[in-house]
Amino acid sequence: MFQSLTGAVELGLMYALLALGVYITFRILDFPDLTVDGSFATGGAVAAVMISNGYAAWIATLLAFACGLAAGAITGLLHTKGKINGLLSGILMMIALYSINIRILGKPNISLIDAKTLFSSIASKTWLYILVLAVVILVIKTLLDAFLHTDRGLSLRATGDNKRMIRSLGGNTDTSIVLGISLANGLVAISGALVAQDTGFADVNMGVGMIVIGLASVIIGEAIVGTRSVFWATLAVIVGSIVYRIVLALAYRAEWLHLKSTDLKLITALIVIVALVIPTINRYYKQKSLARRRTAELAAAARGKGAI
Amino acid sequence: MLELNAVSKLFNPGTPDEKIALIDIRLKLNPGDFVTVIGSNGAGKSTLMNVISGVMKPDLGEVRIDGTSISRLPEFKRSRWVGRVFQDPMAGTAPTMTIEENLAMAYRRGKPRGLSWGVSAARRKLFREQLQRLGLGLEHRLKAKVGMLSGGERQALSLLMASFTKPDILLLDEHTAALDPARAELITKLTEQIVRDMKLTTLMVTHNMEQAIRLGNRLIMMDKGRIILDIPESRKQDLTVAQLLGEFERISGHKMADDRVVLG
């Protein structure tokens with residue numbers, strides 16, 4: 001039991017970068033970017049190939065980041081300069097990356113079992129492993145928070161919030177969109193590189209469904225932690241990623257559910273659907289009861305004044 | 001300062017909805033001019049604003065600011081010279097960002113946006129001073145999200161954001177039209193005060209005849225894509241709304257048709 005929970009926290013931390021990437025596109029830029037499924041595997045593939053060819057793991061991870069940046073930038077350019085619908089730009093890039101990833105890997109999958117990865121020396125010490133991962137993720141989170149408070153970062157946030165306004169103030173929204181999607185996929189690719197090193201293999205299908213997993217983490221985190229400011233929103237995303245993994249681990253432990261490991265994607269989709277629908281229903285009833293109460297109050301006040 | 005040379009703009013060319021929105025507009029604003037613009041529905045007032053700000057590019061003719069031709073530049077590049085307040089109070093600010101963050105974005109108008117802190121201690125001090133000019137107490141709410149402000153407060157903030165970096169041209173596009181009378185009056189007062197204090201060259205579209213006469217030093221009237229009347233300060237001072245409407249009917253040959261027009 002305990003072991004599966006620490007495992008869930010480890011996974012949650014590694015996938016937190018994926019979730020931060022999805023947060024940047026879906027929440028900050030308001031751009032539904034599906035490149036993620038491709039760029040996650042690209043990150044894993046690049047890192048695995050480099051490491052199995054004897055390169056240092058940190059160089060491999062950095063190069064994975066760079067490849068993610070490039071993939072995201074292309075999606076951004078397709079959308080802004082090519083005027084292709086946002087959803088379609090991401091899908092096109094995701095499909096293109098599937099072939100590219102096989103080219104990078106040279107075969108459908110690569111094993112890293114005996115290779116020296118970022119985690120080789122600490123993987124057996126559970127608590128140290130979690131601590132190191134947590135520190136790395138928090139450093140990246142802090143850098144991202146800082147960036148989002150610079151002139152460039154403000155312009156990026158405003159692009160998702162009110163394009164017309166930032167354009168009238170001299171912000172180039174196309175640049176912001178390309179930059180944001182690029183950065184997001186860079187983070188997603190690092191996440192893929194970390195997961196490949198942790199699980200000991202990279203597979204061309206490792207990215208399938210990542211977009212929904214990222215989205216589930218974002219939504220869960222926002223529900224638990226809230227989004228008062230950038231600091232809390234990015235923290236929420238990380239917490240969401242960990243909670244998501246813990247929920248899954250618990251679900252799999254409940255034997256009466258008879259879950260198979262292949263049910264993962266179905267469960268993820270259900271989590272996202274529930275998380276999206278409940279607030280909508282909630283809002284509807286709240287709004288309705290508020291409207292009824294206020295109308296009654298105002299009508300009573302009007303009667304009191306003798307208007308009726 | 002601002003110069004429009006034979007500017008024309010056609011909508012939906014080659015379709016059954018083809019419509020000429022601006023015809024051969026020639027307009028020259030001197031530094032410090034505060035020009036009010038009135039006209040009936042579809043006269044081309046908003047198109048005029050869009051052609052100057054760069055939301056649209058003219059099909060013919062040229063827009064110049066300070067001698068530089070800007071007709072071919074996209075909107076975000078023209079913002080170096082042009083500040084603008086929209087009619088919709090929601091349009092000029094980013095709702096999920098704070099008051100100080102919104103001001104920080106306006107502060108970088110026409111300048112590169114790098115990796116400096118958007119809101120530094122020095123900038124915050126400046127923002128606080130600027131907000132005091134509005135007299136709405138917003139200087140005490142720097143960290144409040146703009147989405148929490150009322151329409152009037154948001155429009156006052158938009159006005160400040162459009163003007164405090166002293167753009168060469170300030171465009172006001174019926175910026176009080178969506179507000180209730182009390183708030184509209186407040187924004188009008190602030191506009192007058194800011195334009196006067198900062199000596200901004202201003203072009204203001206309004207549907208309020210009385211306001212058009214009372215504010216500014218020059219009044220232009222548009223109809224069907226043309227400027228049909230240009231009234232200088234000397235004549236504007238003792239103009240009445242009735243005279244203005246009379247002039248309009250005499251020149252255009254029809255009544256001022258604007259479902260929102262306010263006579264004063």
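Of note:
- Screening B:Ile228, B:Ile169 for residues that are in contact with a Ser or Thr (Cβ under 7 Å, 6 or more places away or on another chain), modelled with pLDDT of 95 or more and under 24 Å from B:Leu4 (Cβ atoms) leaves exactly one candidate, B:Ile169.
- Tally of residues being polar (S, T, N, Q) and more than 26 Å from A:Phe26 (Cα to Cα) across region A:249-308: 4
- Condition met for B:Glu101 (closer than 17 Å to A:Gly171 by Cα and either at pLDDT 95 or above or touching a Leu at 6+ places or on another chain (Cβ under 6 Å) (or both)): yes
- Residues satisfying the stated conditions in region A:157-174, i.e. among the acidic types (Asp, Glu) and within 7 Å of chain B (Cβ to nearest Cβ): A:Asp161
- Within region A:149-172, none of the residues are of a type outside the set (Gly, Ala, Ser) and touching a Cys at 6+ places or on another chain (Cβ under 9 Å).
- Pairs linking a residue in region A:72-98 that is over 16 Å from A:Phe40 (Cβ atoms) and modelled with pLDDT under 95 to a residue that is of a type in the set (A, V, I, L, M) and in a helix (DSSP H, G or I), with Cβ atoms under 8 Å and 6 or more positions apart or on different chains, do not occur.
- Members of region A:161-178 that are β-branched (Val, Ile, Thr) and within 19 Å of B:Lys145 (Cα to Cα): A:Ile166
- Sole exception among (1) at the interface with chain A (Cβ under 7 Å from one of its Cβ atoms); (2) part of a loop (DSSP other than H, G, I, E, B) for B:Pro89, by number: (1)
- Residue match in region B:24-38 (condition: buried (at least 17 other Cβ atoms within 10 Å of the Cβ), more than 7 Å from chain A (Cβ to nearest Cβ), hydrophobic (A, V, I, L, M, F, W, C) and in a loop (DSSP other than H, G, I, E, B)): no
- Residues in region B:96-118 that are facing chain A (nearest Cβ under 8 Å), aliphatic (A, V, I, L, M), buried (at least 16 other Cβ atoms within 10 Å of the Cβ) and farther than 23 Å from A:Gly226 by Cα: B:Ala104, B:Met105, B:Ala106.
- Any hit, region A:174-187, residues being within 17 Å of the chain's Cα centre (by Cα), under 17 Å from A:Ile104 (Cβ atoms), buried (at least 24 other Cβ atoms within 10 Å of the Cβ) and modelled with pLDDT of 95 or more: yes
- Checking A:Val272 against (1) surrounded by 12 or more Cβ atoms within 10 Å (Cβ to Cβ); (2) free of Cβ contacts under 8 Å to residues at least 60 places away in the same chain; (3) among the β-branched types (Val, Ile, Thr), the condition it does not meet: (2)
- Within region A:204-308, helices (runs of 4 or more DSSP H) holding 1 or more residues that are modelled with pLDDT of 95 or more: A:210-225, A:230-253
- Residue within region A:129-149 that is touching a residue at least 12 places away in the same chain (Cβ under 8 Å), closer than 30 Å to B:Thr93 by Cβ, of a type in the set (A, V, I, L, M) and within 14 Å of another protein chain (Cβ to nearest Cβ) present: yes
The values are calculated or read from the model by the stated rules, or taken from the named source; none is laboratory data. Just so you know, these numbers come straight off a predicted model, no measurement behind them. For neighbour counting, all protein chains shown are included, and Cβ atoms are generated from backbone atoms with ideal geometry for every residue, glycine included.
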